[in-house]
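The values are calculated or read from the model by the stated rules, or taken from the named source; none is laboratory data. In this text the structure is predicted, and so the values were computed from the model without any measurement. Please note: Cβ atoms are built from the backbone with ideal geometry, for glycine as well, and neighbour counts cover all protein chains shown. All accessible areas refer to the heavy atoms of the entire protein, side chains included, with ligands and DNA or RNA removed. Shrake-Rupley method; radii C 1.70, N 1.55, O 1.52, S 1.80 Å.
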Amino acid sequence: MMDTAAAVLHPYWPRDLLIPTYVANDRSMSEILAFLFSVSGVFLLVTWLITGQRGSTGSLGTWRRLAVCWFAVCGFIHGVIEGWFSLYYDIIPGDQSFLSQLWKEYSKGDSRYVIADNFTVCMETVTAWLWGPFSFWAVYAFLTNRPYRFVLQLIISLGQLYGAVLYFFTEHRDGYAHSELGHPVYFWFYFVFMNALWIVIPLSLIVDAWRQLSAAQTQTDNTKSHKSKRK
């Protein structure tokens, strides 16, 4: 009876999950989400304003500005929030730092984070230390019109898409055991919606990068063909 009681002194699924070091958050869900979305909004707004300035190479179109804003927000989420998880995943259940509380709140939609599941630790570490810096690099590359900007876009988006697919697929194979299946906030918003963004948006950016790089290669091939005919 004591073991069963101890197992449910937390809000996570499955309900018999043992998290002996767990300490309940002292910050509310609204406070945590307000921080996440307000800081992300600041990154988006500042990047939007910067990309609206006309540089030496001209101004970016609306679609391109939105893509750059996406990379700026990704840099923050990957580098700061997921970076925190990659460094402190082993103490998060009992830690009351703000970002640890953010992860304890998110874990209501996927308890693999609060138990430091091996897949999530590995996946988030790669995401934090590769796609975080690469996202900020992509912002710089687009703002300065670097020739490798679409290569970066393709690499980052492929990495994000691959990670998100594995994220959903591994939980599917576990029978969605780490969340309250069907819960409107924890399952549908935290687990499904917030992670589906890293499938839908990267997929569209992959297609965009494909078109841009293909067009560039076509132009290069045509130039070479004209030069060979002149000879």
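All of Gly163, Gly159 fail the test of being over 20 Å from Ile115 (Cα atoms) and part of a helix (DSSP H, G or I), apart from Gly159.
If you go through segment 125-139 and keep only what is closer than 30 Å to Lys108 by Cβ and crowded, with 18+ Cβ neighbours inside 10 Å, you end up with Thr127, Ala128, Trp131, Gly132, Phe134, Ser135.
Looking for something modelled with pLDDT under 95, of a type in the set (A, V, I, L, M) and either in contact with a helix residue (DSSP H, G or I) (Cβ under 7 Å, 6 or more places away or on another chain) or surrounded by 13 or more Cβ atoms within 10 Å (Cβ to Cβ) (or both) - is there at least one such residue anywhere in segment 153-166? Within segment 153-166 (the criterion being modelled with pLDDT under 95, of a type in the set (A, V, I, L, M) and either in contact with a helix residue (DSSP H, G or I) (Cβ under 7 Å, 6 or more places away or on another chain) or surrounded by 13 or more Cβ atoms within 10 Å (Cβ to Cβ) (or both)), the answer is no, since none of the residues qualifies. Given the structure, is Gln96 surrounded by 16 or more Cβ atoms within 10 Å (Cβ to Cβ) and in contact (Cβ under 8 Å) with a residue 12 or more places away in the chain? No; evaluated as a whole, the condition is false for this residue.
Please verify whether Tyr89 is among the hydroxyl-bearing types (Ser, Thr, Tyr), within 24 Å of Val192 (Cβ to Cβ) and touching a residue at least 60 places away in the same chain (Cβ under 8 Å), treating the condition exactly as stated. Criteria not met by Tyr89. Report yes if some residue within segment 106-116 is modelled with pLDDT under 95, acidic (Asp, Glu) and either within 30 Å of Phe142 (Cβ to Cβ) or in a loop (DSSP other than H, G, I, E, B) (or both); otherwise report no. So far as segment 106-116 goes, no, none of its residues is modelled with pLDDT under 95, acidic (Asp, Glu) and either within 30 Å of Phe142 (Cβ to Cβ) or in a loop (DSSP other than H, G, I, E, B) (or both). Looking at segment 78-100, which of its residues are assigned to a helix (DSSP H, G or I) and in contact with a helix residue (DSSP H, G or I) (Cβ under 6 Å, 6 or more places away or on another chain)? Those that are assigned to a helix (DSSP H, G or I) and in contact with a helix residue (DSSP H, G or I) (Cβ under 6 Å, 6 or more places away or on another chain): His78, Gly79, Glu82, Gly83, Trp84, Phe85, Ser86, Ile92, Leu99, Ser100.
Picking from residues in segment 119-153 that are over 18 Å from the mean Cα position of the chain (by Cα) and polar (S, T, N, Q), the one that is farthest from Thr47 (Cα to Cα) is Asn145. Here Thr127 meets each of (1) in a helix (DSSP H, G or I); (2) under 24 Å from Ser28 (Cα atoms) with one exception, condition (2). Return yes or no: is Phe142 open to solvent by less than 20 Å² (accessible area, probe 1.4 Å), farther than 29 Å from Tyr22 by Cα and among the aromatic types (Phe, Trp, Tyr)? Considered against the rule, which asks whether it is open to solvent by less than 20 Å² (accessible area, probe 1.4 Å), farther than 29 Å from Tyr22 by Cα and among the aromatic types (Phe, Trp, Tyr), Phe142 comes out as yes.
Which one is farthest from Arg146 (Cα to Cα), of the residues in segment 11-64 that are exposed (fewer than 15 other Cβ atoms within 10 Å of the Cβ) and among the hydroxyl-bearing types (Ser, Thr, Tyr)? Among residues in segment 11-64 that are exposed (fewer than 15 other Cβ atoms within 10 Å of the Cβ) and among the hydroxyl-bearing types (Ser, Thr, Tyr), the one farthest from Arg146 (Cα to Cα) is Thr21. Residue count for segment 167-181, restricted to those that are within 13 Å of Asp110 (Cβ to Cβ) and in a helix (DSSP H, G or I): 5.
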